[in-house]
Amino acid sequence: MSAGSDEDFVYDEVTGEWINPGEVVALSAAPTGVVVRDSVGNLLADGDSVVLIKDLKVKGANQALKRGTLIKSIRLTGDEQEIDCRYEGIKGLVLRAEFVKKS
């Protein structure tokens with residue numbers, strides 16, 4: 001290990017994981033204390049943009065969202081597996097975090 005490697009990560013006692021200091025700021029900004037991670041483990045926060053990793057059929061709408069679709073300005077719902085977002089023509093869209101990747 002190099003001399004400065006101990007400062008590169010911080011131990012999070014809640015999750016039991018070592019995280020980088022940038023994620024500590026996002027964790028402290030989450031009002032609910034719920035940690036929401038995307039499909040590859042990146043920490044999500046309000047206002048982030050995400051990309052769909054899978055084609056998704058939208059219940060109640062006559063359209064599907066294709067893989068690679070960019071969703072801007074997400075909002076956390078308080079559930080660690082769901083994010084609230086807007087997309088043209090679809091009101092009240094809630095996506096599961098396992099189907100998105102932070103962009």
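The values are calculated or read from the model by the stated rules, or taken from the named source; none is laboratory data. All of these numbers come straight from a predicted model, not from anything done at the bench. Glycine also receives a Cβ, built like all others from the backbone with ideal geometry; neighbour counts cover every protein chain displayed.
Worth pointing out:
- For the stretch 46-103, the set of residues classified as under 20 Å from V36 (Cα atoms), part of a strand (DSSP E or B), free of Cβ contacts under 8 Å to residues at least 24 places away in the same chain and among the basic types (K, R) consists of R86, R96, listed by residue number.
- Sole exception among (1) exposed (fewer than 12 other Cβ atoms within 10 Å of the Cβ); (2) within 30 Å of W18 (Cβ to Cβ) for G60, by number: (2)
- Some residue of the stretch 56-65 being modelled with pLDDT of 90 or more and within 26 Å of T15 (Cα to Cα): no
- Top-ranked residue of the stretch 22-45 - restricted to ones that are assigned to a helix (DSSP H, G or I) and touching a strand residue (DSSP E or B) at 6+ places or on another chain (Cβ under 6 Å), ranked as modelled with the highest pLDDT: E23
- Verdict on V14 being in contact with a helix residue (DSSP H, G or I) (Cβ under 9 Å, 6 or more places away or on another chain) and either at pLDDT below 85 or in a helix (DSSP H, G or I) (or both): yes
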